[in-house]
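Okay, so here's the structure we're looking at.
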Amino acid sequence: MGLGPPRRPSRVADLLNPAAVLLPAANVIMQLALPGVGYGVLESPVDSGNVYKHPFKRAHTTGTYLAAATIGTDADRALIRAEVDRVHALVRSKSSSPVSYNAFDRRLQLWVAACLYRYYIDQHEFLYGPLDDEAADAVYQDAKKLGTTLQVREDMWPPDRIAFDEFWKRSLDELRIDPPVRAHLHGVAAMAFLPAPLRLLAGPFNLFATTGFLPVEFRAHMALPWSAGQQRRFEWLLTALRVADRVIPRQVWILGYELYLRDMRSRARRGKRVV
């Protein structure tokens, strides 16, 4: 049987729980709300990373990155960084782009890393509330690897949680989601990339869960309505996730990350691209 939330987590991976299954679309919306990130994804020429064309490969790539960044070795992180760099080298704004962007821009990558940190924190806080200070500080320091596995320098990561909160609040003023990016993200939340039977079955529920997990500022950017009745149903969903967390052994979530790492290492040994 699962034991519920870890008593004293010391790393971001310790926060994994069943909410991890439903939070990704909300976190993607948060990432792409920074225009340089949003248009970089929308206009990317890299088809293999396009969730509408290759949804399962996209999910596999993201999972491998998160596994390497959170529980991988330095060698694992070097492998995935090289692959991400190869792809990012192709992502540049054009003269026709609404905003200027460069996928190697450390400022954009820092925002993505900050959102990924929130992905793990949100899993715990939606189900169990805030961590105690000691655990929160340990998790926060571990989370800097979410950025340094990209191009973010260690000294760019806000030094403590207070500084992070200030960075987050400042960043909110820079966010906007233009109609083309909003349409892309609405499709992600509604699972428009899946075959019709799966899309019709899972899409409305995933859009509901995504809207519930979004902070109010991001709901506004997405023009997603939210009522008191929806909030009550969302609270029922959180109760179900807490029950699931007590049934599913915590090791299952870490095993999933370990499988990603084994696959990446195997592909590297065989001289194949790691994702």
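Using only alpha carbon pairs under 8 Å that are at least six residues apart, calculate the relative contact order of the chain and give it in whole percent. Please report the intermediate quantities before stating the final value.
Numbers: 333 pairs, mean separation 94.6, N = 275.
Result for the chain is 34 percent.
Apolar share of the accessible surface for the chain: 59 percent from carbon plus sulfur atoms, 1.4 Å probe. In terms of its Cα atoms, the chain spans 49, 42, 42 Å along the principal axes, sorted from long to short.
Stretched out fully, how many nm does the piece from GLU134 to VAL252 gain, at 0.36 nm a residue minus the Cα gap? Before the final figure, lay out the partial values.
On the way: separation 118, 0.36 × 118 = 42.48 nm, distance 2.53 nm.
The span from GLU134 to VAL252 would gain 39.9 nm if fully extended.
How many percent of the alpha carbon pairs in the stretch 110-237 exceed a separation of 25 Å? So the portion of pairs separated by more than 25 Å is 38 percent.
State the extension gain, in nm to one decimal, for the chain segment bounded by ARG176 and ASP160, taking 0.36 nm per residue of separation less the distance between their alpha-carbons.
Working: separation 16, 0.36 × 16 = 5.76 nm, distance 2.64 nm.
Taking ARG176 through ASP160 to full extension adds about 3.1 nm, to one decimal.
Placing one equal scatterer on every Cα of the stretch 173-275 and applying the Debye formula, the log10 ratio I(q)/I(0) at q = 0.20 Å⁻¹ is -1.08. Ranked by the mean number of other Cβ atoms within 10 Å of their residues, highest first, the peptides 36-46, 69-79, 167-177 come out as 36-46, 69-79, 167-177. Under 25 Å of direct C-alpha separation, and excluding same-chain neighbours fewer than eight residues apart, LYS144 reaches these lysines: LYS169. In whole percent, what relative contact order does the stretch 124-240 give with Cα contacts below 8 Å and a gap of six or more residues? After rounding, I find 18 percent. Computed with a 1.4 Å probe over protein heavy atoms only, the accessible surface of the stretch 81-163 comes to 45 Å² per residue. In whole percent, what relative contact order does the stretch 94-192 give with Cα contacts below 8 Å and a gap of six or more residues? Relative contact order comes out at 27 percent.
Quick one: if the Förster radius is 22 Å, what FRET efficiency do ALA75 and ARG153 give, using the C-beta to C-beta distance and rounding to 0.05? Given R0 = 22 Å and the Cβ-Cβ separation, E is 0.65.
Remark: the stretch 4-50 carries 32 Å² of accessible area per residue (probe radius 1.4 Å; ligands, DNA and RNA excluded).
Note on the stretch 30-154: Cα-only Rg and Dmax are 15.3, 48 Å.
A full extension of the chain between ARG92 and LEU201 corresponds to an added length of 35.6 nm, given 0.36 nm per residue minus the alpha carbon distance.
The values are calculated or read from the model by the stated rules, or taken from the named source; none is laboratory data. Just so you know, these numbers come straight off a predicted model, no measurement behind them. With ideal geometry, Cβ positions are generated from the backbone for all residues, glycine too; neighbour counts draw on all protein chains shown. Only protein heavy atoms, including side chains, enter the accessible area calculation; ligands, DNA and RNA are left aside. Shrake-Rupley method; radii C 1.70, N 1.55, O 1.52, S 1.80 Å.
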